[in-house]
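Notes to accompany the following structure.
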Amino acid sequence: MADNLLIFDPAVFVAGEQYQIFARVRSACGFAVEIDGNRYEDHSCGVVRTATRIHRVSVPQAALDHARHYTVILRPLIERRAYCSRFAPEQRVEYLFKPIPSQNINIYHISDTHGHARHAIRSAQLCGKPIDLLVLNGDIVNASNQVSEFDTIYRIAQGITHGTLPVICTRGNHDLRGKAAERLWEYMPTVNERFYYTLRLGNLWALVLDCGEDKPDDHAEYGGAICCHAFREEETSFLQDVIAHADREYAAPGVAHRLVIAHHVITNVIEPPFDIEQPLYAAWATLLREKIRPELYLAGHYHRCFVSMPGDAFDTLGQACPVVVGSKPDGDRGFTGCCITLKTGDPEITFHQG
């Protein structure tokens, strides 16, 4: 790994219609990705970024899918100057890449690892199928007290994908807690600096929702550090815009599968103080049910593994589709994740303990 300049293999995140390639590094360096002779630099409005320990480069999906490999280029910084900055010779690390197939797509779903990586990785290794897409669905860290806690995201991504597969990564409620929470956007994929967005990956379209925290904004536990209600109202406008442009979103040519991916299940109402935003979530549920009509809703948060069908006891506000709650952490004793195979007909859902 380039004389250990890379802490982990890169993570190839999916957001919008691009891949966002992230890499954690040990020391100051310039960072770029090369695909078929085209070089994509990590820069800030034309200034090469070297002060950061997390690099990100957006590349066109079509380019990487066609090439099926990419090269990470690292230039160790010797001295940053106003004139004649100095870099050591560049180091190059090559990675193969596997785009998702057009049929029988195997998705591995993990959430709620709360800082534990080993058993989650092991559960994916035991699923018995070649994984095409990894979903890290919130609360991968236990809290955001310091940026080093975000390494769990990259540790799990490396252990399962080794930089060769696409990854979808969402935010959970524990991710909002701690002094580093406001910097999470530097370490996770976003679109317009938001953790909610749509994405397209081959014939798969997905809506990534961000519900923020799980209690009212004024709850004593937050101490005035949360303002998620206004954030969710913005997200309502985003959902309405997605539906207004359905022909380039979920109804676009070539879309065969529609997913919703969110840490929380918006249609399940439980006891106070966790029974928040019922009118707002009911409105979201109506839009999903009447307009978007997804095939599956993938979630975590409950520390259990099960499938809820519309109308089940778990369904309070009206599910648009089956809900798959797909992660069961058990601390140092093990972890259960979920494999979802999208195919012609009903999807196949299995749970795996590691």
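A few comments on the model shown:
- Pair list, Cβ under 9 Å, 6 or more apart: segment 329-351 residue over 15 Å from residue 129 (Cα atoms), other residue among the hydrophobic types (A, V, I, L, M, F, W, C): 329/120; 329/335; 335/110; 335/120; 335/121; 336/305; 336/351; 344/256
- Residues being touching a Gly at 6+ places or on another chain (Cβ under 9 Å), buried (at least 17 other Cβ atoms within 10 Å of the Cβ) and outside any loop (DSSP other than H, G, I, E, B) - total across segment 103-121: 7
- Some residue of segment 22-29 being assigned to a strand (DSSP E or B), in contact with a helix residue (DSSP H, G or I) (Cβ under 7 Å, 6 or more places away or on another chain), surrounded by 15 or more Cβ atoms within 10 Å (Cβ to Cβ) and not aromatic (Phe, Trp, Tyr): yes
- Checking residue 289 against (1) more than 30 Å from residue 22 (Cβ to Cβ); (2) surrounded by fewer than 16 Cβ atoms within 10 Å (Cβ to Cβ), the condition it does not meet: (2)
- Filter result for the condition that a residue is over 21 Å from the mean Cα position of the chain (by Cα) and closer than 29 Å to residue 103 by Cα, over 259, 298, 287: 287
- Among residues of segment 88-102, those that are touching a helix residue (DSSP H, G or I) at 6+ places or on another chain (Cβ under 9 Å), of a type in the set (A, V, I, L, M, F, W, C) and part of a strand (DSSP E or B), counted: 1
- Selection from segment 174-191 of residues that are touching a strand residue (DSSP E or B) at 6+ places or on another chain (Cβ under 9 Å) and either crowded, with 18+ Cβ neighbours inside 10 Å or over 14 Å from residue 54 (Cα atoms) (or both): 187, 188, 189, 190, 191
- Annotation: of all residues in segment 236-250 being in a helix (DSSP H, G or I) and acidic (Asp, Glu), the one that is farthest from residue 313 (Cα to Cα) is 247.
- Qualifying residue in segment 162-181 (condition: more than 22 Å from residue 302 (Cα to Cα), part of a helix (DSSP H, G or I) and assigned by TED's automatic domain parsing to the domain that holds residue 252): no
- Subset of segment 26-80 (residues that are of a type in the set (S, T, N, Q), under 23 Å from the mean Cα position of the chain (by Cα) and under 23 Å from residue 97 (Cα atoms)): 58, 61, 71
- Residue in segment 2-12 that is outside the structural domain of residue 204 (by TED's automatic domain parsing), part of a strand (DSSP E or B) and touching a helix residue (DSSP H, G or I) at 6+ places or on another chain (Cβ under 9 Å) present: yes
- Every residue from segment 182-224 that is of a type outside the set (A, V, I, L, M, F, W, C), over 22 Å from residue 152 (Cα atoms) and in a strand (DSSP E or B): 197, 198, 200
- Residues in segment 53-80 that are surrounded by 15 or more Cβ atoms within 10 Å (Cβ to Cβ) and either of a type in the set (D, E, K, R) or part of a loop (DSSP other than H, G, I, E, B) (or both): 53, 56, 65, 75.
- Lone qualifier among 273, 329, 279, 310 - being on the phi < 0 side of the Ramachandran plot and in contact with a strand residue (DSSP E or B) (Cβ under 6 Å, 6 or more places away or on another chain): 329
- Residue match in segment 206-229 (condition: in contact (Cβ under 8 Å) with a residue 12 or more places away in the chain, more than 15 Å from the chain's Cα centre (by Cα) and on the phi > 0 side of the Ramachandran plot): no
- Selection within segment 251-280: residues that are free of Cβ contacts under 8 Å to residues at least 40 places away in the same chain and in a helix (DSSP H, G or I). The member of this set that is surrounded by the fewest Cβ atoms within 10 Å (Cβ to Cβ) is 279.
The values are calculated or read from the model by the stated rules, or taken from the named source; none is laboratory data. Because the structure is a prediction, the values reported are computed rather than measured. Neighbour counts run over all protein chains shown; Cβ positions are idealised from the backbone, glycine included.
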